[in-house]
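The block underneath contains the structure these notes are about, expressed in structure tokens.
The values are calculated or read from the model by the stated rules, or taken from the named source; none is laboratory data. It should be emphasised that the depicted structure is a prediction, and the values quoted were computed from it without experimental measurement. Note that each Cβ is placed from the backbone with ideal geometry, even for glycine, and that neighbours are counted across all protein chains shown.
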Amino acid sequence: MKTIYVSDLSVLSENQQKNEIVLSGWLSSRRHIGKIMFLDISDSTGTIQAVAEKKHISKEMFNSALRAPLESGFEVMGRIAKSANGS
């Protein structure tokens, strides 16, 4: 699988955004609101926010992400989605 960096994500075509991607980096911050967690994942090129919903991942994965210390190595898999403001 091709290595993808945060800076690559903004230039993915509409077609590529529908495919699953894997991004590796470190956990720079985390916010938890009930069954939704917002994870800021950073690499040498920038930071992106990943959203983890309890209903879409296993309980073990969710709890592991919740307990992971900041600056831990992290790998996220998912699809790219633009935010409501288009970024």
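Among (1) outside any helix (DSSP H, G or I); (2) out of contact with any Phe, Trp or Tyr (no Cβ under 9 Å at 6 or more places or on another chain); (3) basic (Lys, Arg), there is one condition Arg30 misses while meeting the rest; what is its number?
(2)
What number of residues in the stretch 35-64 are out of contact with any helix residue (DSSP H, G or I) (no Cβ under 9 Å at 6 or more places or on another chain), touching a residue at least 12 places away in the same chain (Cβ under 8 Å), not in a helix (DSSP H, G or I) and not hydrophobic (A, V, I, L, M, F, W, C)?
1
Find all pairs meeting these conditions: Cβ atoms under 8 angstrom apart; at least six residues apart or on different chains; first residue within the stretch 12-29 and within 15 Å of Val51 (Cα to Cα); second residue modelled with pLDDT of 65 or more and of a type in the set (Lys, Arg).
That search, which allows pairs on different chains as well, returns Glu20/Arg79; Ile21/Arg79.
Criterion first (at pLDDT below 95 and part of a loop (DSSP other than H, G, I, E, B)) does Ser87 satisfy it?
Against the criterion (at pLDDT below 95 and part of a loop (DSSP other than H, G, I, E, B)), Ser87 qualifies.
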